[in-house]
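Structure first, then comments.
The values are calculated or read from the model by the stated rules, or taken from the named source; none is laboratory data. Because the structure is predicted, anything quoted here is derived from the model rather than measured. So basically every Cβ, Gly included, is an ideal-geometry build from the backbone, and we count neighbours across all protein chains shown. The accessibility values were calculated without ligands, DNA or RNA, using every heavy atom of the protein model including side chains. Shrake-Rupley method; radii C 1.70, N 1.55, O 1.52, S 1.80 Å.
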Amino acid sequence: MGGTLAGPFVGRELMKQNIQLLLPILLCAAASGCNGCGLSAAIEGSTCEQASDCAEGLWCLGRVCRQAPAQPRHWGGGHDVVADAAHDASIDGAILDAGHDTGIDASLDATTDANDTDVELDGGPDAELDGGDGGADTGIVVQCGPSPTGKGGLMCDVPAGPFMMGCNEVVDDKCSDDEKPYHEVTVPSYKIDKFEVTTGEYKACVDSGVCTVADTGTYCNYSVAGKENHPINCVDWNQATAYCVWAGKRLPTEAEWEKAAGGTDGRKYPWGNTGLDCDHALWCEDGSNYPSSCGCGSVGTLPVGSKPLGGSPYDGALDIVGNVWEWVEDWYHNTYTGAPSDGSAWVAPTGSDRVIRGGSWDDALADSLRASARNDTGPSRRLHSLGFRCAYSVLADLDGGVDAGPDGGLDAGQDAGPDGGVIEGVWIDSTTGLMWQNPASDRTFTYDEAIVYCGDLYLDGHDDWRVPTISELRSLIRGCPDTQTGGACGVTDSCLEDSCRWQGCSGCLLLGGPGEGGCYWDAALRGPCYFYWSSSSYAGATSLAWYVFFFYGNVDYFVKPPTLWVRCVRGP
C-alpha cells in the first residue's frame, strides 16, 4: 500500500489521476482560504465544513466536497491545505497530506496510571482470532517495568519467537498489497515502550542539549501547557531517532512494532478482530476526517494510555493504534517480498520514505488502525498526527552464566562460548593498523561507562582496549566526500574547537555508504548505525565529547550524560 500520510488511505495512482482536477481548487484555497471559490455549496468541488454540507455520495475532504473512492487507500485529505505549506511544498505533498497543522487544540484532563505494570493478554473481551470458533483468553501476563536505561517511561517485554507478519485474510478483508505476503518472522526478545514518548519526556532530551525543538503550532503538543503527558508529535524521523539514542534505546523495527501490536495469532486489531470504537482507540470515529470533529471529541491527542481497552497482546503497547502514527526504523517497500525474516529493520531503501505505523486521532477509516496496516512518509516530515515510541534490545546470555574476564572479574558483557572462546570478533583496518571491536555491543553507554567498558574489555586475547579518539573514530568513515574524510572537516585531536567543525562536518547527502544499509563505514563492520562516542573532549569543556554519527557520517559533540554506542579500539 504505497502513499504518504495520514487519514483514510487512497491509492497513489488515484491521487495522481486527480491532480489536474484538484489543482485549481488547491490554488484557490491557497489564495483565498477556499471561501467559496465560486462553486455551489452542494456539488463536487464546493467548499464544506462537514459531510452534511455536500451532496449525497460526496465526502468533505480538505474542506472540499469530493467523491469517496471505492477503495480508500493512503488518503491524507480532510484538513486545511493552506496551513501545511511549511511541510508540503510540492503539489503531491499538498494533496496527500492536505494540511496537518490546522485547527484549535483542546486540552483534556484524561489521566492514566503510570504505575500500571501487569496487564492481561488481550486487554479486554476475547475476540474471535482464528476465523471460526472464537478465541479464548490465554492468561498470559506481560511484565512491564521501569526502563532499563533509566530514561523514558515503562517498557514491556516481548518474548523471542516467530509470528506471522502482514495481513491475515482469514480475519481481515481490508488487506492491501503492501501488507503481503503474509509471512513468518522470528524476532529476538526485546522491550518496547508501554506508552508513546510524551512531550515532557522529549523536552527533557531538548533540555539536555541533544534533541532539537519539536515544531509548534496548531495541534502540535510541544510547549503547550497541560500537554506534558500527551504524545510528542510534529517531530521528524531524525528527531525521533535522536531521542531514542539519548534515552539509550532505538526506534523499533517494523517487525518489532507489528509483533507488539498484533501478537502471534494473526488478529486484526491489537485487542482482537472486532470492536474498533472510541473505547479502544483514539481516531476520527465520525468519518469526517476533519480535525475539528476528530479524535473522539478530543480535537487532538489524549494523554498516553487513555485507552486501556485498546492494549495489545503485549499490553504495555498502549495506544499502539490511534493517538498518533509512530515512526519505525525501516525504509518503506511496497511489498514484503525480500523482507528480513529475523526481525531486523529493512534498511535498503527503494525510495525516499520511512515506514510509519498505527493510525492517528484524525484517521477516519478503520483500515488505518489495523495491526497490519502500513503507511509511509518522508523522514523530514513533521506532522501533528505523527510521533513515536522506542525499543530496547534484550541480549541473550550465550553461555548461560556470568561472564568473567581473565582476572575473574566481569568482562563488560562479552559472552564466552562453551570452549571459552569469545563470541564477538574483531576487524583490523589495513589503512590505519587499528584493531576494532566488531560488532560493537548492542547496548548504549554514558561517556564514563564507555571508558570503563572498553578498559575492562577482554577480547581476542587482548585486554588493552580503549574508547577511540575522534581522529581514530573519524578514520572509520567510508563513502563520504573528501570534505569528511580529510578535507574541510578539520576535527581531529589537534583541533577540537568549533572552528574546525563548521565546514564539511555535517555528513554525507545520503549517498549510501559501503556498510550494511548504507552506513558510512567499511562493509566488514557491524553494529547499530548510530552515534558512537570518542574519548576526545571538546576543547576546554570536559562535559562535552566528540562523536561520529555513522548514518550520515557527520562529526559533532554531545554533553557526556546521554548514552551512545561505543566501538572499542586497540593498537596499532
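In this simple spin-label model, placing a label point 7 Å from the Cα along the Cα-to-Cβ direction at both S208 and A225 gives a separation of 2.8 nm. With every protein chain in place and a 1.4 angstrom probe, the accessible-area ranking of D498, D330, D464, largest first, reads D464, D498, D330.
Kirkwood-based Rg over Rh for segment 423-572 (C-alpha set), two decimals?
Rg divided by Rh gives 0.94.
With the highest mean first, a sort of the peptides 469-482, 449-462 on other beta-carbon atoms found within 10 angstrom per residue produces 469-482, 449-462.
Label sites at S189 and R466, each approximated as a point 7 angstrom past Cα along Cα to Cβ, lie 3.7 nm apart.
All other residues whose Cβ lies under 13 angstrom from that of F550 are scored, Lys and Arg at +1 and Asp and Glu at -1, for a net of +1.
The calculated pair-distance distribution of segment 502-572 uses every alpha carbon pair, bins of 10 angstrom beginning at 0, and gives 19, 47, 31, 3 percent. Taking 0.36 nm per residue of separation and subtracting the Cα-Cα distance, full extension of the segment from D448 to Q503 would add 16.9 nm. Each label was represented as a point 7 Å from its Cα along the Cα-to-Cβ direction; for A160 and A539 these points are 4.8 nm apart. For the pair S341 and S494, a Förster radius of 60 Å applied to the C-beta separation gives a FRET efficiency near 0.80, rounded to the nearest 0.05.
Taking only the Cα atoms of segment 183-291, the ratio Rg/Rh comes out at 1.01, with Rh defined as the Kirkwood radius.
Each part reduced to its alpha carbon centroid, segment 183-222 and segment 458-488 end up 30 Å apart. Annotation: for a label point projected 7 angstrom from Cα along Cα→Cβ of T483, residues of segment 534-561 with backbone N closer than 16 Å are 552-556.
Ordered by packing density, taken as the mean number of other Cβ atoms within 10 Å over each peptide's residues, highest first, how do 185-193, 238-246, 523-531 rank? Provide the component values of the computation, followed by the final result.
Working: 185-193: 21.9, 238-246: 24.3, 523-531: 19.6.
Listed from highest to lowest mean packing, they are 238-246, 185-193, 523-531.
Here the scattering of segment 488-535 is modelled by Debye summation over its C-alpha atoms, one equal scatterer each and no solvent; at q = 0.14, 0.25 Å⁻¹ the log10 of I(q)/I(0) is -0.46, -0.99.
K203 exposes around 90 Å² of accessible area when a 1.4 Å probe is run over every protein chain in place.
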